[in-house]
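This report concerns only the one structure given below.
The values are calculated or read from the model by the stated rules, or taken from the named source; none is laboratory data. Since we're looking at a predicted model, the values are computed, not measured. Here the Cβ positions follow ideal geometry from the backbone for every residue, glycine too, while neighbour counts run over all protein chains shown.
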């Protein structure tokens, strides 16, 4: 197998693009943390860490792809089980910066994300029925959506009386509603719907991760900086 990325290797190119974008985003958010109001430091730190985790995983996957022509599915799910969990927990962290929420919300969001990602991994990797894995993953995802649309997280957002938080929360909620739909959809098509070309699946997942993570991060960043500017001007 070639040890260099070929000009015609679109899949390898998307792995490279994703790893570099995540590295850049991680550096950017961690540096910009110092410009944010102190109550947003934890949020910005976690955001940078989530991007760094994905950058490291995708850099390794990119290397494996170039060397062997394969991208083990476990590596993608290991990235998701860490980075997606941090992204969902950021709902809790954002809310705690401006209002009071129970610690139970943290655990509910964390467990919901773990159920979603691990359920799908166990099905995709053959450790359980692919149908059962799909159902478990959907249950975890729907539970998270229920929490941010109608649960304690949604109520805390409404009562926070912070415009920047409202903007960030609503934007992030749309991302995990619409953007994250690609993950169960991709699982269903690949495992229950007759399958899909592995190269196409990798490209779709890579571009989805790129958009879902970068847009997620910059929605938070804009809200944090707007709130910081508002507090500084008072």
### Query
Which of the residues that make up the stretch 105-147 are touching a residue at least 12 places away in the same chain (Cβ under 8 Å), within 22 Å of residue 168 (Cβ to Cβ) and over 15 Å from the mean Cα position of the chain (by Cα)?
105, 106, 108, 143, 147
### Task
Please find, within the stretch 185-217, the residue that is nearest to residue 93 (Cα to Cα) out of those that are surrounded by fewer than 18 Cβ atoms within 10 Å (Cβ to Cβ) and touching a residue at least 60 places away in the same chain (Cβ under 8 Å).
214
## Note on the structure
Checked pairs for the stretch 6-23, first on the phi > 0 side of the Ramachandran plot and buried (at least 20 other Cβ atoms within 10 Å of the Cβ), second modelled with pLDDT of 95 or more and assigned to a helix (DSSP H, G or I), C-beta under 7 Å and 6 or more apart or across chains, list as none
## Note on the structure
Of the residues in the stretch 77-104, those that are more than 16 Å from the chain's Cα centre (by Cα) and over 20 Å from residue 224 (Cβ atoms) come to 102, 103, 104
### Query
When you scan the stretch 157-177, how many residues do you find that are over 17 Å from residue 223 (Cα atoms) and crowded, with 19+ Cβ neighbours inside 10 Å?
1
